[in-house]
1. List pairs: first in region 129-151 and free of Cβ contacts under 8 Å to residues at least 60 places away in the same chain, second open to solvent by 40 Å² or more (accessible area, probe 1.4 Å) and aromatic (Phe, Trp, Tyr), Cβ under 9 Å, 6+ apart or cross-chain?
2. Across region 225-255, what is the number of residues that are acidic (Asp, Glu), surrounded by fewer than 16 Cβ atoms within 10 Å (Cβ to Cβ) and modelled with pLDDT of 95 or more?
3. Name the residues in region 238-257 that are within 24 Å of His189 (Cα to Cα) and in a loop (DSSP other than H, G, I, E, B), would you?
4. Residue check: is Thr46 hydroxyl-bearing (Ser, Thr, Tyr), away from the ligand (no atom under 14 Å from the Cβ) and open to solvent by 10 Å² or more (accessible area, probe 1.4 Å)?
5. Can you tell me which residue is nearest to the ligand (Cβ to nearest atom) among those in region 156-176 that are open to solvent by 20 Å² or more (accessible area, probe 1.4 Å) and in contact with a Lys or Arg (Cβ under 8 Å, 6 or more places away or on another chain)?
6. Suppose we filter Leu179, Leu198 for residues that are over 13 Å from Leu85 (Cα atoms), more than 12 Å from the ligand (Cβ to nearest atom) and among the aliphatic types (A, V, I, L, M); which single one remains?
Amino acid sequence: MFVTRFAPSPTGRLHRGHAFSALTAFEAARRQGGRFILRIEDIDRTRCRPEFEAGILEDLAWLGLSWENPVRRQSDHMDDYHRALQSLIDRGLAYRCFRTRKEIAQAMASAPHGPEPIWIGAPLPATEEAERLARGEAFAWRLSLGAARKALGGFDHLAVLEQGIAYPARPDLAGDIVLARKDVGVAYHLAVVVDDALQGVTQVIRGEDLKDVTHIQRLLQALLDLPAPDYSHHRLLTDADGRRFAKRDRAETLADLRDRGISAETLRREMGFD
Ligand code: GLU
């Protein structure tokens, strides 16, 4: 059974770029006689707001989408992510990182052999770690790429499926990613792979801005013994000036378009959906 999803974060209202992504996944499910799931990715409680979540449901319904209920909201399922994290910790695949983002950027920039494109860290010596923990210092959990490579006997046999074609996975290009943030106790990649597996997602359909992260997500699936879905990354919609629609640029929202009297049919047609 073809199962796909749209997984927005309620950190703002949806714009045309989101509409395109949601419609691409929804229409693919419809063509395949498959299922379409909506998932609310709200682990970052500092940036997510209930009114944005309500806005997402309203905008998607206006666009003509329907989805299965209940909708999975990540903040309701922190235990699932903690369990997955614990299994990585138990197998020595994760370590505590007390550094700030700034310290990591500085360390990468001033590496002895020139700036490093990725971050590879290491656990602290046990006594220093114990001292910092005793002082109550905050830490993130990071994946140890080195330990992961050892656990899997290398990454050579690891493949990403993209529209039925297998490509070599390159998790080594991502470095020691954060599995659990200091502030919210879990991080995007871990929550996404756990949910995609728990929800039986067979096809991840999303924008090509997320193409690179597929590699590290594939590694997490392998380490957690989760099924590997097929991926498809669609082009990103751009405005008349060729710029991507983005929340940070205050792109016109679907609610704004609606207020201007633009109909969902017009918008759908403009994006190539009938
Ligand atoms: N929540 C992510 C976002 O809004 C999407 C995650 C995904 O599709 O894998 O960008």
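1. Close Cβ pairs (under 9 Å, with a partner that is open to solvent by 40 Å² or more (accessible area, probe 1.4 Å) and aromatic (Phe, Trp, Tyr)) amount to Glu129/Phe139; Arg132/Phe139; Leu133/Phe139.
2. 1
3. The answer is Phe245, Ala246.
4. Details: hydroxyl-bearing (Ser, Thr, Tyr): yes; away from the ligand (no atom under 14 Å from the Cβ): yes; open to solvent by 10 Å² or more (accessible area, probe 1.4 Å): yes.
For Thr46, the condition - hydroxyl-bearing (Ser, Thr, Tyr), away from the ligand (no atom under 14 Å from the Cβ) and open to solvent by 10 Å² or more (accessible area, probe 1.4 Å) - is met.
5. So, considering only residues that are open to solvent by 20 Å² or more (accessible area, probe 1.4 Å) and in contact with a Lys or Arg (Cβ under 8 Å, 6 or more places away or on another chain), the one nearest to the ligand (Cβ to nearest atom) is Ala159.
6. Checking each option against the conditions leaves just Leu198.
The values are calculated or read from the model by the stated rules, or taken from the named source; none is laboratory data. Every value quoted in this text rests on a predicted model; they were computed, and no experiment measured them. Cβ atoms come from the backbone with ideal geometry, glycine included; neighbour counts cover every protein chain shown. Just so you know, the surface numbers come from the protein's heavy atoms only, side chains and all, with ligands and any DNA or RNA stripped out. Shrake-Rupley method; radii C 1.70, N 1.55, O 1.52, S 1.80 Å.
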